[in-house]
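*Asks:* Before anything else, here's the structure in question.
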Protein chains: 2
Amino acid sequence: MSGNGMAGSMKGMGMTMDDNLQANMDEYLPLRDVVFKTLRQGILTGELKPGERLMEIHLANRLGVSRTPIREAIRKLELEGLVTMIPRRGAEVAQITIKSLQDVLEVRKALDALAIELACARITEEDIQLLKAACDNFEQMTKTKDSTQIAKADVELHDIIVRASHNDKLILMVNNLAEQMYRYRFEHIKDAAQHERLISEHQKIYQSLAARDAIAAAEAVKEHIDNQEKAIMIHLDK
Amino acid sequence: MSGNGMAGSMKGMGMTMDDNLQANMDEYLPLRDVVFKTLRQGILTGELKPGERLMEIHLANRLGVSRTPIREAIRKLELEGLVTMIPRRGAEVAQITIKSLQDVLEVRKALDALAIELACARITEEDIQLLKAACDNFEQMTKTKDSTQIAKADVELHDIIVRASHNDKLILMVNNLAEQMYRYRFEHIKDAAQHERLISEHQKIYQSLAARDAIAAAEAVKEHIDNQEKAIMIHLDK
DNA sequence: TTGTATTTAATTATATACAATTTAAAATAA
DNA sequence: TTATTTTAAATTGTATATAATTAAATACAA
């Protein structure tokens, strides 16, 4: 714990401006954001379990930083709904109840419907190509049987669709909602039996989007989410 | 700056348990939350203007606290989209563009539609009564010509509707969106010419909700929001 | 034993101190 | 004058110190 505060920045590396003219020197991230991402990752992957206390000194030692960036990261997680604060007792990983998941799913359905509707009207030709590539990539990944890679490809694909809505607020909110279900969605995607269906659902969404057929797209997305919901609910019961 | 950290808690008041048996002694709020609310209020009312820098020491001195709670409050405002962070330069009040407002409105329409749909199915008789009272109260308030009171009555009314959805996530998100438009909604509500229409719109919403007529309710809400949108857009152009 | 004080330890909440960085200002050279 | 360095001031980022509070452990009385 040397007391310096470098975080991803290239510091004292004898690198001059000439070395990389318009390079993105801006890979600087405040420690609070590094911690934020780390903790979020931990929560979403289940490494940090619901109900687990997040104690500042412990985390600080573990991550090799002071308590300040830890606290600031927790504030953000708090607003994101990933941790629960108990005043003067600290933070703990938010407990996810069936009710809270149902609530999230309910809202997500509405926002995904909005996203696909807007995307139909606003998606660019470029993004249609990107989406096609993402569909293909997802299919490839299912063959590798590497769940992490599959999940990543899936997130990538959905990201393209939501971004195609060109509504920044919507993008933010859908991402937040998706995040809350990440754990369960992950389990869903790990199930190889689902892969064929997922691929065909993606295909259907892509096609209706490419054709800018809002009605077909809405239907395809609804089916996709309903299936996801079922899978999650089944998974929750056990 | 005396260095104590009391905030709303009843401390050293010689109050015993007997004085108020099951009272809510828990009126304690961490300073960060006091600051959070204060800054948010400032931003939403326009006291803190878009683009204005939020400098920690200044705010700390102004509010009589240290930088720590200020920073933590800013982290939350950051995630809420009310302030923009520029690394190593600090926070500034988020610039509200027409585009960003349109985005918010677009999402809000979808979520309000969802809220009213759910509310139709789930609202309790009690809440129907509450809603009626809130409608009447709004009408009363318009007569006082006190904009702050009118706005408060309006917020109250909408709160009842959204809460009737019994979807906690939805409640949270709609409130966040409503917040982003507060400034402009306030201007809208100040316009006495709108009052009659607002009253009748509220009435229509109440009636369809009481009758649990989802279709009529959806229509009434749509009309209500569309009008609000128009008013805001007109106001923005000047 | 069981329940109630009392003390101790752990932890959060807040404040302050120090370091790194950026911005503004002043000085210097073209 | 206009650019370019250099210096100084302000500000953020991070770490640490202190205060207040809570939770746990212990001691004590019924």
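*Asks:* Within region A:43-65, identify whether any single residue is within 11 Å of chain B (Cβ to nearest Cβ), within 24 Å of A:Q194 (Cβ to Cβ), within 18 Å of the chain's Cα centre (by Cα) and open to solvent by less than 60 Å² (accessible area, probe 1.4 Å), and answer yes or no. If you could, list the steps in order and put the result at the bottom.
*Replies:* Residues of region A:43-65 within 11 Å of chain B (Cβ to nearest Cβ): none.
Looking for residues that are within 11 Å of chain B (Cβ to nearest Cβ), within 24 Å of A:Q194 (Cβ to Cβ), within 18 Å of the chain's Cα centre (by Cα) and open to solvent by less than 60 Å² (accessible area, probe 1.4 Å), one finds none in region A:43-65, hence no.
*Asks:* Another question, if that's okay. Of all residues in region B:78-94, which are facing chain A (nearest Cβ under 9 Å) and either at pLDDT 95 or above or open to solvent by 40 Å² or more (accessible area, probe 1.4 Å) (or both)?
*Replies:* Those that are facing chain A (nearest Cβ under 9 Å) and either at pLDDT 95 or above or open to solvent by 40 Å² or more (accessible area, probe 1.4 Å) (or both): B:E78, B:L79, B:M85, B:P87, B:R88.
*Asks:* Show the residue pairs meeting these rules: Cβ distance below 9 Å; 6+ apart or different chains; first residue within region B:211-238 and farther than 28 Å from B:T97 by Cα; second residue in a loop (DSSP other than H, G, I, E, B) and among the β-branched types (V, I, T).
*Replies:* Filtered contacts from region B:211-238: B:R212/B:I123.
*Asks:* Something else: When region B:87-101 is examined, which residues are found to be within 16 Å of DNA strand D (Cβ to nearest atom) and within 20 Å of B:F36 (Cβ to Cβ)? Full working, then the answer.
*Replies:* Initial filter on region B:87-101 (within 16 Å of DNA strand D (Cβ to nearest atom)): B:87-94.
Those that are within 16 Å of DNA strand D (Cβ to nearest atom) and within 20 Å of B:F36 (Cβ to Cβ): B:G90, B:A91, B:E92, B:V93, B:A94.
*Asks:* Another question, then. Would you check if A:Q180 is surrounded by 14 or more Cβ atoms within 10 Å (Cβ to Cβ) and closer than 23 Å to A:A133 by Cβ? Steps first, answer last, please.
*Replies:* Values: surrounded by 14 or more Cβ atoms within 10 Å (Cβ to Cβ): yes; closer than 23 Å to A:A133 by Cβ: no.
Criteria not met by A:Q180.
*Asks:* Considering only residues of region B:212-234 that are out of contact with any Ser or Thr (no Cβ under 7 Å at 6 or more places or on another chain) and of a type in the set (G, A, S), which is least open to solvent (accessible area, probe 1.4 Å)? Let's see the steps before the verdict.
*Replies:* Within region B:212-234, the subset out of contact with any Ser or Thr (no Cβ under 7 Å at 6 or more places or on another chain) is B:212-215, B:218-219, B:221-234.
Now drop any that are not of a type in the set (G, A, S), which leaves B:214, B:218, B:231.
On the way: B:A214: 44, B:A218: 44, B:A231: 23 Å².
Ranking the candidates gives B:A231 first.
*Asks:* Looking at region B:131-175, which of its residues are within 14 Å of chain A (Cβ to nearest Cβ) and among the charged types (D, E, K, R)?
*Replies:* Scanning region B:131-175 gives B:R163, B:D168, B:K169.
*Asks:* Could you give every pair whose Cβ atoms fall below 6 Å, whose first residue belongs to region B:86-112 and is in contact (Cβ under 8 Å) with a residue 12 or more places away in the chain, and whose second residue is open to solvent by 70 Å² or more (accessible area, probe 1.4 Å), counting only separations of at least 6 or pairs across chains?
*Replies:* B:E92/B:R53; B:V93/B:E52
*Asks:* In region A:135-151, which residues are free of Cβ contacts under 8 Å to residues at least 60 places away in the same chain and open to solvent by less than 50 Å² (accessible area, probe 1.4 Å)? Reasoning before the result, please.
*Replies:* Step one: list which residues in region A:135-151 are free of Cβ contacts under 8 Å to residues at least 60 places away in the same chain, which gives A:136-137, A:140-151.
Listed by number, the residues that qualify are A:M141, A:T142, A:S147, A:I150, A:A151.
*Asks:* While we're looking at this one, here's another question. Any idea how many residues of region A:119-133 are in contact (Cβ under 8 Å) with a residue 60 or more places away in the chain and within 17 Å of A:Q203 (Cα to Cα)? Show your work before the answer.
*Replies:* Here is the first cut: in region A:119-133, the residues in contact (Cβ under 8 Å) with a residue 60 or more places away in the chain are A:119-121, A:123, A:128, A:131-132.
With within 17 Å of A:Q203 (Cα to Cα) added as a condition, the list becomes A:119-120, A:123, A:128, A:131-132.
Looking only at that region, the number is 6.
*Asks:* So, one more: Would you pick out the residues in region A:95-121 that are at pLDDT 95 or above and away from chain B (no Cβ under 11 Å)?
*Replies:* Listed by number, the residues that qualify are A:I116, A:A119, A:C120, A:A121.
Each row is one residue, and each column tells you yes or no for (1) out of contact with any Cys (no Cβ under 9 Å at 6 or more places or on another chain); (2) among the basic types (K, R); (3) under 22 Å from B:A218 (Cα atoms).
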{"residue": "B:E126", "(1), (2), (3)": "yes, no, yes"}
{"residue": "B:K152", "(1), (2), (3)": "yes, yes, no"}
{"residue": "B:Y182", "(1), (2), (3)": "yes, no, no"}
{"residue": "B:D191", "(1), (2), (3)": "yes, no, no"}
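The values are calculated or read from the model by the stated rules, or taken from the named source; none is laboratory data. Quick caveat: nothing in here was measured; it's all calculated off a predicted structure. Virtual Cβ from ideal backbone geometry, glycine too; neighbours counted across all protein chains shown. Calculation scope for accessible area: heavy atoms of the full protein, side chains included, ligands and nucleic acids excluded. Shrake-Rupley method; radii C 1.70, N 1.55, O 1.52, S 1.80 Å.
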